[in-house]
Amino acid sequence: MEREEKGYEERKPLENIYLVGGSFGLREFAQIRYDVHKLHGKVDPALKEKLKKNTVTLESEYEKLEKANLDNWENIRGPSLWEDSKTVQKQRREALRLKAE
C-alpha cells in the first residue's frame, strides 16, 4: 500500500505539469483560431462596394422563377464516364438540327 501511495505522489507533479501545459497549449490554439478569423474577415473595399450595389432579394429571384416556363423543359443527358464528351455533344447537336428541320 505504501508503494501505491508513493507512486501516486511521484505522478502528482507530472500531472500538474500536464494540466498547466495543456491549458497554455489550449490557449495558444484558440488564439490562432481567432487570429485566422480576423485575417479572413477583412474584405476588400472595392468588393464591399460591389456587394452593396448588388441588391438581389428573395422577391426578385421569385419573380424570375415566375416568368420562367417550368412546364416546358427537356431532360438533357450528359456523357457517361466511358463516353467521349465531344462525340456526345456532336451527336446531340446533330439530333437537334434534324429535329429543327
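The values are calculated or read from the model by the stated rules, or taken from the named source; none is laboratory data. The structure displayed is predicted, hence computed values, not measured ones. Cβ: placed from backbone, ideal geometry, glycine included. Neighbour counts: every protein chain shown. Note: accessible area is taken over every heavy atom of the protein model, side chains too, but ligands, DNA and RNA are not part of it. Shrake-Rupley method; radii C 1.70, N 1.55, O 1.52, S 1.80 Å.
Looking at 66, 74 in this structure, which one is charged (D, E, K, R), part of a loop (DSSP other than H, G, I, E, B) and exposed (fewer than 10 other Cβ atoms within 10 Å of the Cβ)?
On the way: 66 fails: part of a loop (DSSP other than H, G, I, E, B).
Only one candidate passes the filter, namely 74.
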Task: Considering residues of the stretch 77-101 that are assigned to a helix (DSSP H, G or I) and either in contact with a helix residue (DSSP H, G or I) (Cβ under 9 Å, 6 or more places away or on another chain) or among the polar types (S, T, N, Q) (or both) only, the residue least open to solvent (accessible area, probe 1.4 Å) - done: 85
- [ ] Look through the stretch 30-58, keep the residues that are hydroxyl-bearing (Ser, Thr, Tyr) and not in a helix (DSSP H, G or I), and return whichever of them is most open to solvent (accessible area, probe 1.4 Å).
- [x] 55
